[in-house]
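Remarks on the structure that follows.
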Amino acid sequence: MLITKAKEIGGRVFSLKCEEALDKQGEFLLNLFRDTEERAGRLEDGMKIQVGWSILFVHEPENGRVEILAPDYASNPFARTTDDLSATLSVQLAQNHILKLTGADGETSLFQDTLIASERAFESERIYLERTEGRGDGISGWYLGPAEGQVEQEELRKYYVFQLLTLRPGVLKVLALPKGYVAVLQGDEIEAVLDAEDRRVWPVNS
């Protein structure tokens, strides 16, 4: 169920919508906007703020009322926005959880960044991801492929990160891991994460 959360910031009421299960994340986001306005000054209509893997928009349809909008990943996130922040918040929550589990310093992959993937990876049960380079110039540095079998050059394609929401949503949670990291997934579940020195950082042997 979608809920609306609101907070008065600088004499205006900021609001957002998200699934009820993301209530805490919605509250955190409103506090982030409050802190940003206090630090940087008034957030004007049309301004953009990067929050993790996404970019959020300040929309003031009328004086004193501000809506926080997100790219509309279900249609065209480059041209359309939505007032439902559930996808943005749920992916960010999952990424933060993986960073906490692994103890890694996060490195953003923006929704509009690209990655290289084998077409077979979207149908394979067991897959792996490797961040072969750091993020730059709209490139995330990630490769996604099947964990078994040889990958031919002709089956490699370039995808936007946001397309994974439809193609393989379970992999989005590892995309904040930094350069050199490898993640192996069985279905949507993480089987192992290796750091840049090939040390297993999750799960950790007790």
> With charges only on Cβ, +1 for K and R and -1 for D and E, what is the dipole size of the range 2-91 about its Cα centre, in debye, rounded to 20?
Replying inline: 160
> Taking only C-alpha pairs under 8 Å that are 6+ residues apart, what is the relative contact order of the range 103-202 in percent?
Replying inline: 32
> When the Karplus curve 6.51 cos²θ - 1.76 cosθ + 1.60 is applied with θ = phi - 60°, which whole-Hz ³J(HN,Hα) does each residue of the range 110-118 get, with x for Gly and Pro?
Replying inline: 6, 4, 8, 6, 10, 9, 9, 9, 7
> Using DSSP loop states and a limit of at most 15 other Cβ atoms within 10 Å to flag trypsin sites (Lys or Arg not before Pro), what is the longest stretch of the chain containing no flagged site?
Replying inline: 81-178
>> As I understand it, the value is the acute angle between the Cα axis of helix 23-40 and the longest principal axis of the Cα atoms of the chain; what does it come to in degrees, rounded to 10?
In response: 70
> Of M47, M1, how do they rank once you tally other Cβ atoms within 10 Å and put the fewest first?
Replying inline: M1, M47
> In whole Hz, what ³J(HN,Hα) sequence does the range 94-99 give by Karplus (6.51, -1.76, 1.60; θ = phi - 60°), x for Gly and Pro?
Replying inline: 5, 5, 4, 5, 5, 4
> What are the lysines whose alpha-carbon lies under 22 Å from the alpha-carbon of K17, with same-chain residues fewer than 8 places away excluded?
Replying inline: K5, K7, K48, K173
>> At 222 nm, what value in deg cm²/dmol follows for the chain if DSSP H runs of at least 4 each add -39500 (n - 2.57) and the sum is divided by all its residues, to the nearest 500?
In response: -6000 deg cm²/dmol
>> Of all beta bridges DSSP finds with both residues in the chain, what is the antiparallel percent, to the nearest 5?
In response: 85
> What number, in percent, do you get for the relative contact order of the chain if the mean sequence gap of Cα pairs under 8 Å and at least 6 apart is divided by its residue count?
Replying inline: 16
> Given H placed on each backbone N at 1.01 Å, which residues far from W202 in sequence or on other chains put an amide H within less than 5 Å of it?
Replying inline: V193
> In terms of modelled amide H atoms, which long-range or inter-chain residues lie less than 5 Å from the amide H of Y181?
Replying inline: R131
>> Please give me the summed charge of the neighbours of S15: other residues whose Cβ is under 9 Å from its Cβ, Lys and Arg +1, Asp and Glu -1.
In response: +2
> In the range 2-91, with Lys and Arg counted as +1 and Asp and Glu as -1 at Cβ, which of these residues, T36, V66, P77, has the Cα nearest the positive end of the dipole, that is, farthest along it?
Replying inline: T36
> If amide H atoms are built 1.01 Å from N in the plane of the peptide, which residues on other chains or at least 5 residues away come under 5 Å of the amide H of D72?
Replying inline: R80, T81, T82
> Mind checking the dipole of the chain: about its Cα centre, +1 per Lys or Arg Cβ, -1 per Asp or Glu Cβ, Debye to the nearest 20?
Replying inline: 380
> Once phi is turned into θ = phi - 60°, what whole-Hz ³J(HN,Hα) does the Karplus curve with 6.51, -1.76 and 1.60 give for every residue of the range 188-200, x standing for Gly and Pro?
Replying inline: 9, 8, 6, 8, 6, 10, 10, 8, 5, 9, 6, 8, 6
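Throughout, read-outs are computed from the coordinates displayed, never taken from laboratory work. Since the structure is predicted, the reported quantities are computational estimates derived from the model, not experimental observations. Virtual Cβ from ideal backbone geometry, glycine too; neighbours counted across all protein chains shown.
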